[in-house]
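A.B. asks: Supplied in C-alpha cells, the structure appears directly below.
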Amino acid sequence: DTGVSQDPRHKITKRGQNVTFRCDPISEHNRLYWYRQTLGQGPEFLTYFQNEAQLEKSRLLSDRFSAERPKGSFSTLEIQRTEQGDSAMYLCASTGAFYNEQFFGPGTRLTVL
Amino acid sequence: GEDVEQSLFLSVREGDSSVINCTYTDSSSTYLYWYKQEPGAGLQLLTYIFSNMDMKQDQRLTVLLNKKDKHLSLRIADTQTGDSAIYFCAEKGNQAGTALIFGKGTTLSVSS
C-alpha cells in the first residue's frame, strides 16, 4: 500500500470555474477527512466520512463546496464558482481501525486567478 | 473554544537538540500529535501521545505532556539538516468529531 493519494497535485483555475479533486485513502481505511491549509496556517477541518456517510461538516464548508464518497472508497471534493479566497492546499487524510492515527496525502494545491 | 498555539520559528545547529513547544486549550483532548511538513508536501505523522501518558520516546523523538498546564513538547535529539521543516502540533478536538485541531506550525531551521 502506497498511502493516501490525491489527484491532481496542482490545479490552476480562473475565478468562477468549477474544480474537482480526488482522494484515494489507504486501502480499507473507513474514515476519510478533508482539510484546507492556507499559507502560514495549519490545516483546518472541512468534512469527514465514515464509509460512504458524510458525518460532519465544518462551517468553513460553504454551499459552494460539496464532497462525496459514493462507494466508501475514494472521495471527491468539488468547489463551484471558485473565488480567489479558495486558493489553498486541500489535504485528505484517512484512518483505519485505530482512529487515533490520521495519515495524510500529499495534497492538491489550488490557485484561483 | 479549542485552540492550539506554537512558537513560529526555531533555529538550531546541526547536532544540537531541538525543543518545539505547544499549548492547547481543550482539557478533554484524548490524543496529541506531532506532524512534520516539508515544503510543498503533505503532513507526515511523527508521533502521538495518549493524554494519560507523561512521556513517549521514539528513537530521536521525545514527547513530553504536562496535562495540568496543557503543554506539549517535542524534543529532537541530534538534529540533522534533514529535520528542517514545519512541525505541527495537533489535538483531537471534541467539537468536530474526530477531526484534528492544528496549531500554525513551528518552522525549524537547522544549520550546518
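A.B. asks: Rounded to the nearest 20 debye, what is the charge dipole size of the range B:1-94 about its Cα centre when +1 sits on each Lys and Arg Cβ and -1 on each Asp and Glu Cβ?
C.D. replies: 200
A.B. asks: Once you measure Cβ to Cβ distances between cysteines in the protein assembly as shown, which Cys have no partner under 4.7 Å?
C.D. replies: Lone cysteines by the Cβ rule: none at all.
A.B. asks: Would you mind checking the range A:67-110 for residues with the amide N under 12 Å from a putative spin-label position 7 Å along Cα→C-beta of A:E28?
C.D. replies: Those under the cut-off are A:96-98.
A.B. asks: Local charge sum around B:V110 (other residues, Cβ-Cβ under 11 Å, Lys/Arg +1, Asp/Glu -1)?
C.D. replies: Values: positive: B:R13; negative: B:E14, B:D16, B:D78, B:D83.
Summing Lys and Arg as +1 and Asp and Glu as -1 gives -3.
A.B. asks: Label 7 Å along Cα→Cβ of A:T13; the range A:36-70 residues with amide nitrogen under 13 Å?
C.D. replies: A:64-67
A.B. asks: For the protein assembly as shown, with equal point scatterers placed on the C-alpha atoms only and solvent neglected, what are the log10 I(q)/I(0) values from the Debye formula at q = 0.08, 0.17 1/Å, to two decimals?
C.D. replies: So the normalised log intensities work out to -0.29, -1.22.
A.B. asks: Same structure, new question: By the gyration tensor of its Cα atoms, with a ≥ b ≥ c the square roots of the eigenvalues, what is the shape of chain A: rounded for a/c under 1.5, prolate for a/b over b/c, or oblate? Show your work: numbers first, answer last.
C.D. replies: Numbers: a/c = 1.76, a/b = 1.62, b/c = 1.09.
Prolate is the answer for chain A, as a/c is 1.5 or above and a/b outweighs b/c.
A.B. asks: Given Cβ point charges of +1 (Lys, Arg) and -1 (Asp, Glu) and nothing else, what value in debye, to the nearest 20, does the dipole of the range A:38-81 about its Cα centre take?
C.D. replies: Details: 6 positive and 6 negative charges, 15 e Å.
Roughly 80 debye, rounded to the nearest 20.
A.B. asks: Relative to the present Cα-Cα distance, how much length would full extension add between B:A77 and B:S111 at 0.36 nm per residue of separation?
C.D. replies: Stretched out fully, the B:A77 to B:S111 stretch lengthens by 10.8 nm.
A.B. asks: Taking a ≥ b ≥ c as the square roots of the Cα gyration tensor eigenvalues, with a/c under 1.5 meaning rounded and otherwise prolate when a/b beats b/c, else oblate, which class fits the range B:28-112?
C.D. replies: Numbers: a/c = 2.35, a/b = 1.40, b/c = 1.67.
Oblate.
A.B. asks: Quote to one decimal, in nm, the extra length available between B:L45 and B:D16 on full extension: 0.36 nm per residue of separation minus the C-alpha distance between them.
C.D. replies: 8.2 nm
A.B. asks: What residues qualify as long-range amide H neighbours of A:L46, i.e. H under 5 Å apart, gap of 5 or more or another chain, H built at 1.01 Å from N?
C.D. replies: Result for A:L46 returns A:W34, A:Y35, A:R36.
Taken together, the values in this text are just the output of simple stated rules run on the coordinates, not laboratory data. Everything numeric here is computed off the predicted structure, so don't read it as measured data. Backbone-built Cβ (ideal geometry, glycine too); neighbour counts: all protein chains shown.
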